[in-house]
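First the structure, in the form of C-alpha cells, and then the observations on it.
Every number here is computed from the coordinates shown, using simple stated rules; none is lab data. Predicted model, so just to flag it, every value in this text is computed and none were measured. All Cβ positions, glycine included, derive from the backbone under ideal geometry; neighbour counts span all protein chains shown.
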Amino acid sequence: MNFPILSSLILLPTVGALFLFFTKDKEGNNSTAKYVALFTTIVNFLISIYLWISFDQSTSNFQFVEDRTWIEGFINYKVGVDGISILFIILTTFITPLCIISVNNSVKNRLRDFLIAILIMESFMIGVFCALDLVVFYLFFEAGLIPMFLIIGIWGGPKRVYSAFKFFLYTLLGSVLMLVAIISIYWIAGTTDVIQLYELGIDAKYQNLLWLAFFSSFAVKTPMWPVHTWLPDAHVEAPTAGSVLLAAILLKMAGYGFIRFSLGLFPVASEVFTPLIYTLSVIAIIFTSFIALMQEDMKKLIAYSSVAHMGFVTLGIFTLQQQGIEGSIIQMISHGLVSAALFLCVGVVYDRMHSRMINSYGGIVTIIPKYSILFMLFTLAALGLPGTSGFIGEFLILMGAFKDNFLVAVIASLGVILGAAYMLWLYKRVVFGKLVNEDLKKMFDLNRSEYLILSCLAFPTLFFGFYPDPLINTIEVSVTDLINMHNTNIASK
Amino acid sequence: MENLNLVLPEIFISLSIMFLLVLGVFKKNSSKITFNLSLFAILITTIILINETFSVSRETLFNESVVIDSMSSLMKIITLIGGFLVLVISSSYLKTFKIYNIEYPVLILSSILGMMVMISSNDLIVFYMGLELQSLALYVLATYNRDQLKSSEAGLKYFVLSALSSGLLLYGCSLVYGFSGSTNFDVISNQLNSNEYVLTFGIVFILVGLAFKISAVPFHMWAPDVYEGSPTTVTLFFTMVPKIAALTVFIRFLYVPFLNLIDQWQMIIIFLSIASMVFGAVAAIGQTNIKRLIAYSSIGHIGYTLAGLATASNEGIQSSIIYISIYVVMNLALFSCLLMLRRRDQYYEDIEDLSGLSKNHPLLSLCLLVILFSLAGIPPLAGFFAKFYVFKAVLEQSMFFLAIVGLLSTVIAAFYYLRIIKIIYFDKEKDKYDTDHSLWLKFSLTVSTILILLYFIFPSQLIEVVSRINII
C-alpha cells in the first residue's frame, strides 16, 4: 500500500489543532499559535499541490484510494479523488491559510481557540471531498457543523446566537433525511461504497425518494431558494474568516454532493427532478439578485449574490451537458476565490471603520487606491467579466443551458445582467462618489498581510480567467465519464 | 445438583451486604471502611461474573427460573461498573451534605443485587422479587438527603407512583399466569396465543409497569421531580443503572414470553417510542434546572432505545443495548461535570450557573461541549453512532415513519443541547468554581469524555461484544 496521502491531508490539520491545544493561550500576543496554524495549513497546501501534480488526468478512475475496514462487515473507511474532487481539495487547502493570515484584525479574543476551530474545520472539509463511502461522507458533512457553530457563535457579531442556531438547525434538519436515505441505500444495495454503487446502480423505483432526501440536505447547504435564509444571517454575523470559509468552501460541499451523489447514484430521478432544480435555480438567480440590489449591508449583499451564483451552479449541474457540469465546477472554484476575496475586502474596511453599511462609505478611491483596485478586480470577477474566472464558469453554464432548455437559459442570462447591476452599484456607492464622512480620511491602505491575501486570490482569478485549461483538463475526463455513465443508465432503464 | 457457580456473583454480593450491615452496626464511624469494602465487593463480583458466566451461551438454573446468557452477563457487567463508578464519585458530594453514612453503599449494593436478579430472571416470581428489592432500595436512596424537603418529596413521589406501577405489573403477571398456567417464561411463550382478548390486558398491564420503570412517555411523570429532588449522585444512579436492568427485563418479556404476540405489543412499543422521543425533546426546551433537563433528555433517549426494541429483530435488540451502553457513558460524563459545579461547599444545578463557563474553566467546558454534542447525536461522536445503529435496525424493518419521526426529534433535541452550549460559550462569565475535585471524579470525566470523543476510531469492538446476544 502506498503512502496514505489523502488521510494525511485529512489528519494533518487535526494534528496541528492538537498541538495548538497544548500551547498556552496568551492574551494579546498569540503569534506562536498563529505560526503553528499557518505552518500546518501551508504544508497541507503543498501536499495537495503535490497531489495535483501526481494526479493522472487521463483517467476517470478514483486515485490514491485508501480502503480500510472500519465497522466490521458494514462500513469501510474509503477515500479517493477523481478529477472533480481534487479541485475542491486544493481550493480548501488554498483558502484556509489565507483565512488564518486574515485573522489578525478580526479576531480579538481567544485566538488560539479560533485557530483550532478553523483547523478542525479544514480536516472535515477535506474529508467531505475525498470520502468515497456514503457514511464517511455523512460523518464529515455533519461534523463540520460543530466548529462552524462555534466560529459564528463565539466570535460573531451582535446577533450571533440567533444566526448560529439558525445555521445549525437548518442544516441538521436537512441532513437527517439524508441519513435515512443513506441507511436505506445500504438495505437496498447492500453497500454504501460509492464506487460499488456506481457499478451496481440503484433500483429505479426507489430513486425518486432517495433523491429527494439527498436534495433536502444539499438544497439547504447550497443554499437554494427558498431555504437560503440562514445564509445571509450566518454570513453577516460570522467573523471575516468564518464568512470566507462558509462562502468559499462550505457551500461547495452541496454542489459537489449534487454532482457526486445525486447525479451519480440516481440518474433516473435526476432526469425526473430536473424541472424542479431549473425552477428553483432560476428563481434563486433572479429573485435573490433583486434582493441583493436592495441590501444596505455589504456582507448581506455578497451573501445574496452567493445564493444567485449557486443558482447558476445548480442550473449547470442539472443541464447534464458536458459544458454545463464543467462550467458549474469552474464556477464553484471561481466563486470560492471571488466570494472569499469579497468578504475579505469587506473585512478590510470593516476593521478600519467598524461598519458594514454601504451608506457609511463613499469616495474612498482617493484615500485607499490599492484597495479600490483589488476590490474592483473582484467585483468584476463576481459579475463574470471576460478575463476573470467568473466568466468561464458562467459562460459554460449558459452554453450548457442553451443546449438543454432555451427558456431557462434566457432567464438565467438576465440574471447575469442583474448580477452586474448589483455588483457595480455596490462598487460605485462604496468606492466612488463624494466623500460622505470625514472619518474615512483616516483610513489607511492595505497592510502587508491584507495585500498578500488579496493578491494571492487575485492571481488565480485572473490566471484561470485567461487560461482555464489546467482546470478543464483536470475535470474533463471525469465529467465525460459521469455523463456517459448517466446516459447509459438512462438508456438501460 | 445445580451449578451454583453461575449465581456466585449474586451469592457473593448478598453475603457482602449482610457483612457490611453487621460491620456498620458493631463498628463506630465505619463509613469510610464500608465505602471501600463495598467498592471492593463490587470489583470481586465483577471478576467472578466475568470468570464464571461470560463464556456461557445459555444456561438455566432452579427449575429454569433463572437464566444465564450472554445478554444477562453483559448487562450485569454494565450494571456493576455503573454502580462502582457512582459509588466512587459520590463520596465528596455526600460528605458536603454530611450524609456520608454506611447505609448509602449498602443500599446501592442491594439495589444492584435486585437488578442482577431481575436481569437473570426467567420466571415471573423471580422477576418480581428482584424488581421489588431494587425498588425498595431506590425509594430510600431518593430520600437519602432527608433533611432537604425536595429529597423527601422525591422519595415519597417515587414510592407512591412506583408502588402503583408495581401493582399494575403484578396484576398483569397474574392475568398472564391465569392464561398460561405457568410463571416460567419459556412455558408461557409456548402456551400463549393471540386469540384471547383478556390476555392483551395482561400484556398491556405488564408493559405499562415496565414503561413506568424506564420512564417512557406517558408514564414518565415521576422522573423530572424525582431526578430533581434526589441527591445528585443518586440521580446519576437513577439515570444509569436501573434503566439497564429495566431495559433487559423489557427485552426479556417482549422476546421470550410474548414473542408469539408481536402483533399485540409492537404498536404499543412504537407508540411509547415515538411519544418519548418527541415529548422528551419538546419538554426539555423550557427547563431551567439541569437535573430536570437531564430527566427529560433521558426520556427522549429511552425513546430511541425503545425504537430498537420495536423492530422485533436481533439487530434491533443489539442496537438498543449499544444505545443504552453509550448513553450510560455519556450520562456519567455529564454528571461528572455537574458534580464539578461546586463553589464553597455549595453545588449549583441551574443551567444559568453554567454561564460563561468556558472563560474560567476551558477544559471542563470542552468536555461539556463534547458530551452535549454527543447527546445531540452529531457525528463523529459516540452519540451519533448510537443513534445510527438504532435507525439502521429500524430502517431494516422498513419502519420509515418511526425513523423519520425519531430523526426529526433529534433536531428538536439538538436545540436544547445547543442552548446549553450557547450558555457555556457565548454568554457572560460568572465566578469561578472550585477546582479541587476528587481524583475519581476527574478520572471518570476524562475517561468517559475520551471514550465519547474517540469511539469512532474503534466502533467494531462494542458491536462484536453485543452481537453475541441473540434472543430471538
- Query: How many angstrom separate the Cα center of the stretch B:31-80 from the Cα center of the stretch A:228-265?
  - Reply: 52
- Mean 1/r over all different Cα pairs, inverted: what Kirkwood radius does the stretch B:261-472 give, in Å? 17.7
- Given the convex hull of the Cα atoms of chain B, what is a quarter of its surface area in nm²? 21.0
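Summing -39500 (n - 2.57) over the DSSP H runs of n ≥ 4 in chain A and dividing by its residue number, what mean residue ellipticity at 222 nm do you reach, to the nearest 500 deg cm²/dmol?
Dividing the helical sum by the residues of chain A leaves -24500 deg cm²/dmol.
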- Message: With n ≥ 4 as the cut-off for DSSP H runs, can you work out [θ] at 222 nm for chain B, using -39500 (n - 2.57) per run divided by the number of residues, rounded to the nearest 500?
- Response: -25000 deg cm²/dmol
- Protection proxy ranking of A:85-91, A:454-460 - average other beta-carbon atoms within 10 Å, highest first: A:85-91, A:454-460
- Task: Compare the peptides B:232-244, B:207-219 by average per-residue count of other Cβ atoms within 10 angstrom and give them in order, highest first.
- Result: B:232-244, B:207-219
- Query: Taking amide hydrogens as modeled 1.01 Å from N in the peptide plane, which residues meet the under 5 Å criterion relative to A:Asp133, leaving out close sequence neighbours?
  - Reply: A:Lys78, A:Val194
- Report Rg (one decimal) and Dmax (nearest whole number) for the stretch B:187-228, counting Cα atoms only, units Å. 14.3, 44
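At 10 °C and 1.306 mPa s, grab the translational diffusion coefficient of the stretch A:202-307 from Stokes-Einstein with a Kirkwood Rh over Cα pairs, rounded to a whole number in µm² per second.
It comes out at roughly 109 µm²/s.
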- When the Cα centres of the stretch B:294-318 and the stretch A:29-102 are compared, how far apart do they sit, in Å? 38
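So which trypsin sites (Lys or Arg not before Pro) in the stretch A:49-109 end up in coil per DSSP with only 13 or fewer other C-beta atoms within 10 Å? Show your work: numbers first, answer last.
Working: sites: A:Arg68, A:Lys78, A:Lys108; in loops: A:Lys108.
Answer by residue number: A:Lys108.
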- Item | Theoretical FRET efficiency, 1/(1+(r/R0)^6), r = Cβ-Cβ of A:Ser54 and A:Asp481, R0 30 Å, to 0.05 | 0.90
- With the label point 7 Å along the Cα-to-beta-carbon line of B:Val282 and a cut-off under 11 Å to each amide N, the hits in the stretch A:168-183 are none
- Per residue of A:170-182, what is the mean number of Cβ atoms on other protein chains within 10 angstrom of that residue's Cβ? 5
- Query: Per-residue mean of other chain beta-carbon atoms within 10 angstrom of the beta-carbon, peptide B:450-461?
  - Reply: 2
- In sequence order, calculated HN-Hα J values of the stretch A:231-241 (Karplus, 6.51, -1.76, 1.60; Hz; x Gly/Pro): 5, x, 4, 5, 5, 5, 7, 5, x, 3, 4
- Query: Name the trypsin sites (Lys or Arg not before Pro) in the stretch B:82-165 that are in a loop by DSSP and that have at most 14 other C-beta atoms within 10 Å, would you?
  - Reply: B:Lys98, B:Arg146
- Note on the structure: On the formula 1/(1 + (r/R0)^6), with r taken between the Cβ atoms of A:Asn359 and B:Lys98 and R0 of 56 Å, the FRET efficiency rounded to 0.05 is 0.25
- Message: Considering all alpha-carbon pairs of the stretch A:272-341, what whole percent are spaced by more than 15 angstrom?
- Response: 54
- Item | Backbone HN-Hα couplings from phi across the stretch B:218-228 [Karplus 6.51/-1.76/1.60, Hz, Gly and Pro as x] | x, 10, 9, 3, 6, 4, x, 5, 5, 5, 6
- Task: Could you pull out which residues in the stretch B:240-262 have an amide N less than 17 Å from a spot 7 Å beyond the Cα of B:Val204, following the Cα-Cβ vector?
- Result: B:261-262
- Calculate the translational D of the stretch A:272-493 in whole µm² s⁻¹ from Stokes-Einstein, where the hydrodynamic radius comes from the Kirkwood formula applied to all Cα pairs, the temperature is 37 °C and the viscosity 0.692 mPa s. 181
- Note on the structure: The Cα extents of chain A along the principal axes, largest first and rounded to whole Å, are 69, 56, 41
- Message: Classify the protein assembly as shown from the C-alpha gyration tensor, please: rounded if a/c falls under 1.5, else prolate or oblate depending on whether a/b exceeds b/c.
- Response: prolate
- Message: I need to check one value: relative contact order of the stretch A:272-493, counting alpha carbon pairs closer than 8 Å and at least 6 residues apart, in percent.
- Response: 28
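Taking other Cβ within 10 Å of each residue's Cβ, how do B:His361, A:His335 sort, fewest first?
Numbers: B:His361 21, A:His335 29.
With the sparsest Cβ surroundings first, the list reads B:His361, A:His335.
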- With a ≥ b ≥ c from the Cα gyration tensor eigenvalues, square-rooted, and the rule rounded for a/c under 1.5, otherwise prolate when a/b > b/c and oblate otherwise, the stretch B:33-167 is oblate
- Note on the structure: If each part is reduced to its alpha-carbon centroid, the stretch B:196-211 and the stretch B:425-460 end up apart, in Å, by 42
- Item | Protection-proxy order for peptides B:351-358, B:221-228, A:233-240, each taking the mean of Cβ atoms within 10 Å per residue, highest first | A:233-240, B:221-228, B:351-358
- When only C-alpha pairs under 8 Å and at least 6 residues apart count, what is the relative contact order of chain A, in percent? 15
- Note on the structure: Whole-Hz Karplus couplings 3J(HN,Hα) for the stretch B:46-52, θ = phi - 60° and coefficients 6.51, -1.76, 1.60, Gly and Pro as x, run 4, 5, 4, 4, 5, 5, 8
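Per residue of B:239-249, count partner chain C-beta atoms within 10 Å of its C-beta, then hand back the mean as an integer.
Mean shielding by partner chains, rounded to a whole number: 0.
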- Task: Taking chain A as the reference, fit the longest principal axis to its C-alpha atoms, fit the long axis of helix A:369-383 to the helix C-alpha atoms, and give the angle between the two in degrees, 0 to 90, nearest 10.
- Result: 30
- Message: I'd like the GluC sites (Glu not before Pro) in the stretch A:1-98 restricted to DSSP loop residues with at most 13 other Cβ atoms within 10 Å, sorted by number.
- Response: A:Glu27, A:Glu72
- For B:Glu464, B:Glu349, ascending order of other Cβ atoms within 10 Å (fewest first) is B:Glu464, B:Glu349
- Scan around B:Asp123 for amide H atoms under 5 Å from its own, H built in the peptide plane at 1.01 Å from N, and keep only partners 5 or more places away or cross-chain. B:Phe185
